[in-house]
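First comes the structure, then the notes that go with it.
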Amino acid sequence: MGKEIPVYLFLGFLESGKTKFIQETFEDERFDSGEKTLLLVCEEGEEEYTPSRFAVKKFAVETVAEGELTALNLVRLTRKHDVERVVVEYNGMEALQKLFDAMPEEWVIAQVMTFFDSATFLTYNKNMRQLVFDKIQYADMVVFNRFRDEPYEKEEFHKIVRGVSRRPGIVYEHPDGQAEYDEIEDPLPYDVNARIIEIEDRDYAFFYRDLMEDMEKYNGKIVRFKGLVAVDRRLKEGTIVVGRHIMTCCEADITYSGVVVLHASNLPLRTRDWVKLTARIDLAYHKIYGQRGPVLRATEIEYCDPPEQELATFY
């Protein structure tokens with residue numbers, strides 16, 4: 001593997017504002033680091049680039065059609081232009097995995113920005129939820145262009161983004177060009193400082209995501225929740241996994257998300273048993289994770305009825 005090549009990825013559907021933002025970025029002298037920059041255009045919208053206005057001096061622009069986004073072609077372009085930095089305007093109707101699979105080994109994602117037209121965002125989210133999810137899940141920043149306080153509501157847009165990821169910053173850009181940063185707080189739906197953290201059935205998805213994103217916060221805490229048992233004969237006696245099936249996007253994106261549980265119960269626990277669990281969370285290496293992760297030491301475990309809605313969601 002040669003020297004790493006940073007990749008700046010701009011995502012969004014047609015007319016979402018990607019081209020305008022990239023044009024302005026290339027016109028900014030601060031973006032001219034002296035590196036040979038490849039602008040890779042994976043879709044053609046109504047707005048076109050004006051390279052004559054670029055402040056970046058060493059650049060190349062390549063348009064890649066749908067069938068040309070291959071590992072072989074990207075390696076060819078990297079060598080052809082002696083690329084040191086890449087900016088990608090990606091087709092919003094294509095899955096990101098297609099790009100990731102084609103990226104040369106030395107290409108490394110440096111930043112991901114996603115743009116939406118506020119007037120069409122809710123419609124896209126309703127009818128093409130998978131594509132919207134795909135464009136938010138890796139984003140460092142989500143920008144809602146042409147945002148008006150009426151008839152749009154920031155809370156609705158905010159909730160959709162946060163249902164996918166708590167990582168990206170959110171910006172509302174108004175028609176007059178004024179940018180407003182999202183400052184809506186995201187309190188957890190449970191008290192993480194309680195003596196026993198009670199996770200309601202409807203809140204398991206939020207708990208699991210926050211636990212995995214900020215494990216240190218839960219180290220030594222006691223938690224209580226309902227979960228679905230998974231048993232593997234390869235595990236030591238008294239070791240099970242307890243979790244829920246979580247839908248982060250749509251039915252095609254349902255995953256069993258569980259945690260390692262150590263217990264001394266005499267219950268003949270089997271896969272797909274529902275249990276109510278009270279346990280202390282300790283962070284330790286476990287082979288199920290292949291790394292350090294939450295290992296729950298159960299103090300109470302008992303059979304229970306399934307939740308009214310067995311599938312956990314962020315809604």
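Here are some notes:
- Among the candidates 280, 209, 234, residue that is basic (Lys, Arg) and under 27 Å from residue 160 (Cα atoms): 209
- Lone qualifier among 308, 237 - being assigned by TED's automatic domain parsing to the domain that holds residue 210, in a loop (DSSP other than H, G, I, E, B) and in contact with a helix residue (DSSP H, G or I) (Cβ under 9 Å, 6 or more places away or on another chain): 308
- Residue that is modelled with the highest pLDDT [pool: residues in region 128-147 that are of a type in the set (S, T, N, Q) and more than 8 Å from the chain's Cα centre (by Cα)]: 145
- Subset tally (residues that are in contact with a strand residue (DSSP E or B) (Cβ under 9 Å, 6 or more places away or on another chain) and surrounded by fewer than 16 Cβ atoms within 10 Å (Cβ to Cβ)) for region 184-223: 14
- Contact map, region 29-57: residues that are assigned by TED's automatic domain parsing to the domain that holds residue 19 paired with residues that are among the polar types (S, T, N, Q) and in a loop (DSSP other than H, G, I, E, B), Cβ distance under 7 Å, separation 6+ or inter-chain. Pairs shown: 42/91; 43/91.
- Contacts under 9 angstrom Cβ, first residue in region 4-20 being under 10 Å from residue 115 (Cβ atoms) and in the same structural domain as residue 142 (by TED's automatic domain parsing), partner of a type in the set (Phe, Trp, Tyr) and in a loop (DSSP other than H, G, I, E, B), 6 or more apart: 10/90; 11/90; 11/138; 12/90; 18/90; 19/49
- Scanning region 69-92 for residues that are in a loop (DSSP other than H, G, I, E, B) and surrounded by 12 or more Cβ atoms within 10 Å (Cβ to Cβ) yields a count of 8.
- In region 229-259, the residues that are surrounded by 19 or more Cβ atoms within 10 Å (Cβ to Cβ), closer than 22 Å to residue 188 by Cβ and modelled with pLDDT of 95 or more: 242, 243, 244, 257, 258, 259
- Selection from region 138-152 of residues that are out of contact with any Asp or Glu (no Cβ under 9 Å at 6 or more places or on another chain) and either surrounded by 18 or more Cβ atoms within 10 Å (Cβ to Cβ) or in the same structural domain as residue 248 (by TED's automatic domain parsing) (or both): 139
This table checks each residue for (1) assigned to a helix (DSSP H, G or I); (2) of a type in the set (A, V, I, L, M); (3) farther than 22 Å from residue 173 by Cα.
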| position | (1), (2), (3) |
| --- | --- |
| 44 | no, no, yes |
| 52 | yes, no, yes |
| 67 | yes, no, yes |
| 125 | yes, no, no |
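The values are calculated or read from the model by the stated rules, or taken from the named source; none is laboratory data. Remember, it's a predicted structure, so these values are computed and weren't measured experimentally. Using ideal geometry, Cβ is built from the backbone for each residue, glycine included, and neighbour counts are taken over all protein chains shown.
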